[in-house]
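Okay, so here's the structure we're looking at.
What follows draws every value from the coordinates through simple rules; no lab data is involved. In this text, all values refer to a predicted model and were calculated from it rather than measured experimentally. When we count neighbours, we look across all protein chains shown, and the Cβ atoms used for this are built from the backbone with ideal geometry, even at glycine.
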Amino acid sequence: MPALETTYRDALRLALSEAMDADDSVILLGEEVGRYGGAYGVTKDLIAEFGAERVIDTPISEAAIVGTAVGAAMTGLRPVAELMYVDFLGMTMDQLANQAAKIRYMFGGQIGVPMVLRTQGGTGRSAGAQHSQSLEGYVMHTPGLRLAMPATVSDAFHLLRQALARPDPVVFIEHKGLYTMKGTLDPDAPPADWGRAAVLREGADLVIVTYSRQVHHALAAADTLQSEHGVNAAVVDLRTLNPLDVETIRPLVEAAGRAMVISEGVMTCGVAAELAARLSEECFDFLEDPVVRVAGEDIPISVSPLLETHSVPTPALIVETARKMFA
Amino acid sequence: MKNSTLPQLYEEMRRVRTFEERVGELFVRGQSAGSMLHLSIGEESAAVGVCAAMREGDTFTTHHRGHGIFLARGADPNRMMAEIAGKDSGYCHGKGGSMHIADMGLGHLGANAIVGGGIPAVVGAGLSARHAQSGAVSVAFFGDGATGQGILYESMNMAALWKLPVMFVCINNQYGMGTRIDQATANPNLHERAAAFGLAARTVDGLNVEDVVDAAVELMEGARAGTPAFLAVDCYRFYGHARKDKSPYRAEAEEEEGRKKDPVLHARARLVESGLMSEADADALDARVAAEMDDSIGYAVAGEEPQMASMFRDVYDPTEPEPEPVRTRLDRVLAQG
């Protein structure tokens, strides 16, 4: 297939459809994934292509959706369970954290749980406190779970294809604000290595480390910093949070002496906190400033678009933070 | 169907009973690794009776009181005892213990220490069986305590909706830890709930193991053909919730009455009365089983501890890097400058 211009949503669908074509053991299950086509349309028409035995509409039973995927993965299928909103993670947490994540270890390595849990999170649709969260920190806090969060159209496809080939459970968190984003996808190009961060922008003064939608905020902020303030910032897209690639980032931070980590999730005990701790430890002797966290405020998300927008990092906040670092 | 004559059923139940007695002794001697040990004494007919209806290739999950079920499915008592003792020679190399024992070779998808936690896995295994057209049934074993968990109802609903080859077996020993079933629900007729979801459902008295076998065979063959099922087996938990629990929450008179409902002694009496086995032959069988289980204690005690290096193994697939130990990280980080 030649390279194509497509959307994040269609890239995800293409990944599912190619995987299902290639491997009869790949099945989808979740609320509204079949006839409805997915709450955000990712699985649209797949039921017509692959049938109701492989694209399975479920009752509203998040815990059993994940538990069913666990049992299916242990007995020969490659299930892709969909959790409509990451905010429902709490409903599934026993099956995810106590079962999927620990089965390989508890059972002494007898078997893995090769399942993918697709979900989406983040702000941007005025969806309120229970439909706008960024809960990747919950997942990252659980050994045994891999965690991928694509920021680009290309990664939406390639990371999902890779997730479907992993031997361990992968939580795959899409961003609801990116589904309509357009970009170039070359489905047949060799993908970047699973678990490796991508340096999307070089910069000698400051290293900005982030993932998912904040990558785009960081890139926009970096352009402003360059053009208006003469600050040359690198931008790194982590792509996966488990595995977490500090190797790629360390030399950049050592060279620049300054690092900012950005996460849409709340700050306390969050992904940004972990990244800041690691970079501070790893690069301590090279740092001119503390590694700075720019993260979601420690508050719930409001329905008000004004309050919602400013509850999480914005390009303006990223620029402002960088300017304070150089003040 | 294997192990379904009364002498075979008795022998299997005696093996479960004696295993549990021995594992209790291991615990008292301080040679069991876990701080928690849940014995199934009094519940043998549920494990043995239902497992007699299972076939090779069938899969199952159990609750935390599942030694008897695993044994009845063909587990090696040596490796079970070693696992409970936390030894490398155990089924899970000492990482799982009593409450997380599993063996994929025997279709044991895992014991579970979360009440109800292992139930939905059988729905997934049912999907796999149908996808592969393997003819296998997947059976979830759990206690009456799990009937308070929402995951049971989500799972039964899905199994019924999709007509999966799945069976739910509730071993109703009357107690969720210290709470008697009538203190936990206004309607203790547990099979009625399953019937409401569209499952073939019934309750059987666990005193007579052959009654359990009959009920299990009928329901399991139905499940195999696409009518998922629920079976509650009524029995009595002879001892406390865990090994150190002396059950102060229940009256001695109740315990005495409950222990009269002994499926092992009941089967033995029937064997002797019916002339299928002499008293002397039954004694000899009991002694043979006792020797087998004594040996398994010896095997467990003699087993090696796991290697320290195994601590970081099997968090992820063996082809992936292991997590970095704290000391390694500190040495690396503090070696700077």
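Toward the positive end of the charge dipole of segment B:251-324, with +1 on the Cβ of Lys and Arg and -1 on the Cβ of Asp and Glu, the farthest Cα among B:LEU276, B:LEU265, B:GLN307 is that of B:LEU276.
Projecting the Cα atoms of B:VAL204, B:ILE84, B:GLN336 onto the charge dipole of chain B (Cβ charges, centred on the Cα centre) puts B:GLN336 farthest toward the positive pole.
Which residues' amide hydrogens lie under 5 Å from the amide hydrogen of A:LEU147, considering only partners 5 or more residues apart or on another chain, with H built in the peptide plane? Under 5 Å from the amide H of A:LEU147 lie the amide H atoms of A:VAL171, A:LEU241, A:ASN242, each far enough along the sequence or on another chain.
Exposure proxy ranking for B:LYS246, B:LYS87, based on other Cβ atoms within 10 angstrom of each Cβ and starting from the fewest, stands as B:LYS246, B:LYS87. Where does helix B:279-302 land angle-wise versus the long Cα axis of chain B, in degrees 0 to 90, nearest 10? Result, in degrees: 10. Considering only A:GLN133, A:PRO167, A:LEU96, and ranking their Cα positions along the charge dipole of segment A:93-176 that arises from unit charges at the beta-carbon of Lys, Arg, Asp and Glu, the one farthest toward the positive end is A:PRO167.
Lysine pair count for the protein assembly as shown with Cα-Cα distance under 30 Å and sequence separation of 8 or more or different chains is 20. Dipole magnitude for chain B: computed about the Cα centre from +1 point charges on Lys and Arg Cβ and -1 point charges on Asp and Glu Cβ, it is near 780 debye.
Between A:ALA295 and A:SER263, the built amide H atoms are under 5 Å apart, and every one of these is 5 or more places off in sequence or on another chain.
The 3J(HN,Hα) values that the Karplus relation (6.51, -1.76, 1.60; θ = phi - 60°) gives for segment B:253-258 are, in residue order, 4, 5, 4, 4, 5, x Hz. Gly and Pro appear as x.
Relative to the dominant Cα principal axis of chain B, helix B:119-132 is inclined by about 90°. For the protein assembly as shown, the dipole from Cβ point charges (+1 on Lys and Arg, -1 on Asp and Glu) about the Cα centre works out to 400 debye, to the nearest 20. Rounded to the nearest 10 degrees, the inclination of helix A:62-74 to the longest alpha-carbon principal axis of chain A is 70 degrees. Amide hydrogen proximity for A:ASP57: with H placed 1.01 Å from N in the peptide plane, the residues at 5 or more positions away or on another chain lying under 5 Å are A:GLY34. With contacts taken as Cα pairs under 8 Å and at least 6 residues apart, chain B reaches a relative contact order of 22 percent. Placing unit charges on the Cβ atoms only, positive for Lys and Arg and negative for Asp and Glu, gives chain A a dipole magnitude near 300 debye about its Cα centre. Shown in residue order for segment A:236-241 are the 3J(HN,Hα) couplings computed by the Karplus curve 6.51 cos²θ - 1.76 cosθ + 1.60 at θ = phi - 60°: 10, 9, 5, 6, 10, 9 Hz (x for Gly and Pro).
Measuring nothing but how far apart in sequence close Cα pairs (under 8 Å, 6+ apart) lie, relative to its length, chain A scores a relative contact order of 17 percent. At q = 0.05, 0.06, 0.08, 0.10 Å⁻¹, what log₁₀ I(q)/I(0) does a Debye calculation on the Cα points of the protein assembly as shown give, no solvent, two decimals? Taken in order of the listed q values, log10 I(q)/I(0) reads -0.27, -0.39, -0.66, -0.94.
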